[in-house]
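The structure appears right after this line, and notes come after that.
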Amino acid sequence: MDRTPARTTRTGIAEPIDRRSDEDTLWDNIAKLSAVCRAAGAHLPDEELKALQAGKVAVEAGEAIHLRGLKGLTTCDDDHTWSEVQNDLVGSVIAALLATHYIDPTGARATFEEILHRRTRRGREAAVTT
């Protein structure tokens, strides 16, 4: 396992990153993060936690579309680089996976795989014909 340190742009804290790419690691990490987030929101009802996490997906996606900063159209020194856009897009994916896990902790992975398979059918079919 490659555990090289990486510096996050938002916190400035160097943290080791598990660079294994198998899905077990992805879903293990989502389950661990979900446990931490659920503990932080333990004072809230479960349905509210689910709704807040689903809303977090929109927040992260909204941050990714701050393209005005990329085009220099802001007056508040709000520069936004493509690297930051990527960071926000990955944040959206993580938030979405967490929301899926909040909704059904034991079935999130299977649900994700089924939906991914269904939604990528045309791409798989097109790849076979080319």
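The values are calculated or read from the model by the stated rules, or taken from the named source; none is laboratory data. Keep in mind it's a predicted model, so treat the numbers as computed, not measured. Note that each Cβ is placed from the backbone with ideal geometry, even for glycine, and that neighbours are counted across all protein chains shown. Side chains included, ligands, DNA and RNA excluded: accessible areas come from the protein's heavy atoms. Shrake-Rupley method; radii C 1.70, N 1.55, O 1.52, S 1.80 Å.
At a glance:
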item: Of residues in segment 52-65 being surrounded by 17 or more Cβ atoms within 10 Å (Cβ to Cβ) and not charged (D, E, K, R), the one nearest to the chain's Cα centre (by Cα); result: 57
item: Residue satisfying all of: in segment 31-51; farther than 16 Å from residue 95 by Cα, outside any helix (DSSP H, G or I) and not hydrophobic (A, V, I, L, M, F, W, C); least open to solvent (accessible area, probe 1.4 Å) among these; result: 45
item: Segment 43-90, residues that are among the polar types (S, T, N, Q) and either modelled with pLDDT of 80 or more or in contact with a Leu (Cβ under 9 Å, 6 or more places away or on another chain) (or both); result: 53, 81, 83, 86, 87
item: Neighbours by Cβ (under 8 Å, 6+ apart or cross-chain): first from segment 49-68, within 17 Å of residue 105 (Cα to Cα); second of a type in the set (Gly, Ala, Ser) and crowded, with 17+ Cβ neighbours inside 10 Å; result: 50/99; 53/95; 53/99; 54/99
item: Residues within segment 84-130 that are hydroxyl-bearing (Ser, Thr, Tyr) and either outside any helix (DSSP H, G or I) or open to solvent by 80 Å² or more (accessible area, probe 1.4 Å) (or both), tallied; result: 4
item: Some residue of segment 13-24 being aliphatic (A, V, I, L, M), open to solvent by less than 70 Å² (accessible area, probe 1.4 Å), under 27 Å from residue 106 (Cβ atoms) and at pLDDT below 65; result: yes
